[in-house]
Each structure stands twice: as C-alpha cells, then as structure tokens.
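What follows is a single structure, written as structure tokens, with notes after it.
The values are calculated or read from the model by the stated rules, or taken from the named source; none is laboratory data. Just so it is clear, the model here is predicted, and its values are computed rather than measured. FYI the Cβ positions are ideal-geometry reconstructions off the backbone, even for glycines, and counts take in every protein chain you see.
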C-alpha cells in the first residue's frame, strides 16, 4: 500500500479557501431554488423578501463579503484516506489553522466562545472547528465543510422515537419542530433530517443532510418521496419568507438514514437558514 | 414605503402599523445577548447604564468585521426572542424601538403597548444588502465584547417592516 504524503500547509490552505468561498458565494442549488420560489410565490411581500435575498447574494459574491454576519461555527465532515500521512504537522492542527486563517483573513465574524456556561469568552479566531473524521480506503482527503449559524441551530431538536411511532411519528416530530421554529430561523429554511443510528448519530446525520445539495434526493425512493412530502407540508404552514407569510417556508428537505436498534427510531431535525452554506474539496 | 427619521417621536410611533414598510434614517444603537445581559444586571442593581437608551432604537446585531473601505461588515438582524427576558426592563427605561427578526414574547408585546414602543423586522440573511445602508459605526460601550459591543450606527434608508406596532398588532406568522 503506497503512502501519500500531504503537507500540513496544503491542508490549511485548502480549508482556508473552503470557508472563505462558502461564506461569500451562495451555492448554485440554493440560488436556483430561490429564483424558482421568487417566480412562483403568490404573496407580494414574500416576493419582495426573496428579491432582496437574491440581491444580497449578488452583492456578497461580487464584493467577496459574507452572505450573513453570522458566519457560524465551522463544521467539517472528513473522509481521510488511510494511505495519507500528514507531513510537517498534524491533520487536526492543520484544519484548525485553516479555519482560523479563513475567519481572520476573510473578515468573517468570530462567533465562538471558549466555555458554554461560565466564562463565555470569545476565542477570537472562531476555533475550535468541529471535525468528524471517517477513515476510508485510498490516498486522498475529502472535506465537506459548512458553517452553521445559530439563529437556526437553536431551533433544531432530537427525539428518541420508538418503532411503534412509525412514519407518522417521524412526520409529526418534523412538523412540530418546524412549527416551533416559526419565523425565527430566517425562513425559507433548509431542513436536514437524520433518522436511525443512536442519539448522536441521528444528530450528525441531520447536520450532514443540511450540507447536501437541495436538488438531490435520498437514494431510497421511499425516503425521497418523504423529502418531497415534508417539503410540501412545511410550505403549507404559511410562515413564509422572513416569517411574513406566503408559500416559501422551506427551500429543501434532505433526509439521511442509518441502521438502528430493534428498540429505537431516533430522529434529529437540524434547521438551517436559507443560505445552507456548504462546499466540498478533495486533497 | 414610509421614510422615517430617527429618533422616533411618540407621534410617529402612533402612526406606524404592523405591515408598514419603512426606510429608517438617523442613528440607532446596537446590542445583542451579552450586552443585554450586562445592561439588565446594572438595572437590577440600580446602577447607571453606560449608554443613554432614552428615546433610542436598538438594533439586535453582531456585525461581521468591516473590510477596508467599508463602514461596517455584513450586519443583518439576529433572533429577537433571545432578548425577551431583558426587554421589558429596557422599555420601562425609555427605549422606543427595536429592530430584529422573529417572534417576541407576550410580556414584551404587553410592555410595548404600555410604553408605546415599535418593533421592526429586518430581513434575516440579507446582511450584505443591509450593510449598505449603514454609513458609520462607532463603539459606545463594552468594546471587550467584540462583535457584541454596543455600537452607534448611522443609517440611511435602512429597510425594515413594522412587525409589531405599539398597539400590539403583529404581521408575523407564528404557530
């Protein structure tokens, strides 16, 4: 098995670029969904909101300034090829340095505090980033990155449903979470749903689901249909863009699933604002 | 579209109704979670505030850093409900307007009616666009809080919607 050496500095550089790009440039999937919603929306107020969001994204991209002031907490899903050896440093440090450089050099807001309850002192470089690593076959590193704002993160929820709750239980919990969020999470929202696994696995799947392009579907047709059905149900709530009413409460619903225990059916709903900032790279 | 000059007068506040689109020109102060907590604790102890909030409009925002040549970085509204716990005490002390996003508690709406206060919604996520209407930003207090410091923003045609008016009427869709 051939070993491939990757310089820590190259990882830092790639991560720095990822976070600057995803904060400045809205994804094509989101842009198309916003344009489509703007054309189909029946409420004049909502159409105006959607126009302003499209204008916002044009300005951010042109001027290379963040789409939103809440440039979030950095989250990375990494597939680390087992043939890779990091030269001149460690993988973890190289990634954290990349996040730090992006947030300082890129004029991104530093939103992380060092201690959740007692001190709450800003770390001033937006680290630590949250890194999930899977060791996979191969000699490459693949990084899926996102930045998560907390206006929408705070509206998210996990519930340990049991098998008898069934499909209806899943739908009910998703709708309860969306209804509870109401106008707060900067609708139109993107909803990431994780079903299965354990308590924390469901939450991780939900997060990963928010980073999947919204013009894609779950591979299993039954879950793909559930994504479409939930999107229709959420858009019937009438919260609308900016919570001012209308038929554009969500732009997309993504479901990720995993095998689970005979006694359980964990469901996590990660609410994301319309921007759903994400980007991928391979080193 | 109503053009409103700040500071707000009681007469102007009375004429604002839920759903009105407005453009705000003048100055606002900023403050979010950490600054609210500090102001509230001072009020509880009966100590003076570092900023005179009488007649002011407060904008719930933590701006991104300004790029060279910009007055301020992207600066969209943050969720208002997190300020609800502290808000009635500030309204009792003369705060006349708030700009944020999302729903407010019943206690806040009651205090708004009692004190004749208006709550504006700015569009969450339109931070780059909104920052164009902010012409100047200076720190008034709590510089150590970084983005959460209290700033004075000079705004010109800042776009907002009257989300809840001084009569307690709301245009927000809530569950």
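Overview of values
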| read-out | value |
| --- | --- |
| Qualifying position, being under 28 Å from residue B:79 (Cβ atoms), assigned to a helix (DSSP H, G or I) and at pLDDT 95 or above, among A:209, A:225 | A:209 |
| Residues of the range B:128-175 satisfying the condition of being under 15 Å from the mean Cα position of the chain (by Cα), within 17 Å of residue B:23 (Cα to Cα) and part of a helix (DSSP H, G or I) | B:130, B:131 |
| Candidate set from the range A:162-205 (those that are at the interface with another protein chain (Cβ under 9 Å from one of its Cβ atoms) and at positive phi); member that is surrounded by the fewest Cβ atoms within 10 Å (Cβ to Cβ) | A:182 |
| So residue A:237, is it surrounded by fewer than 16 Cβ atoms within 10 Å (Cβ to Cβ), over 14 Å from the mean Cα position of the chain (by Cα) and within 15 Å of residue A:171 (Cα to Cα) | no |
| Test: residue A:192 is farther than 22 Å from residue A:243 by Cβ and either modelled with pLDDT of 95 or more or over 19 Å from the mean Cα position of the chain (by Cα) (or both) | no |
| Scope the range A:242-277; condition more than 21 Å from residue A:176 (Cβ to Cβ), at pLDDT below 95 and surrounded by fewer than 24 Cβ atoms within 10 Å (Cβ to Cβ); matching residues | A:244 |
| Test: residue in the range A:114-132 that is touching a strand residue (DSSP E or B) at 6+ places or on another chain (Cβ under 6 Å), under 22 Å from residue A:275 (Cα atoms) and within 14 Å of another protein chain (Cβ to nearest Cβ) | no |
| From A:15, A:49, A:75, A:45, residue being in contact with a strand residue (DSSP E or B) (Cβ under 6 Å, 6 or more places away or on another chain) and touching a residue at least 12 places away in the same chain (Cβ under 8 Å) | A:75 |
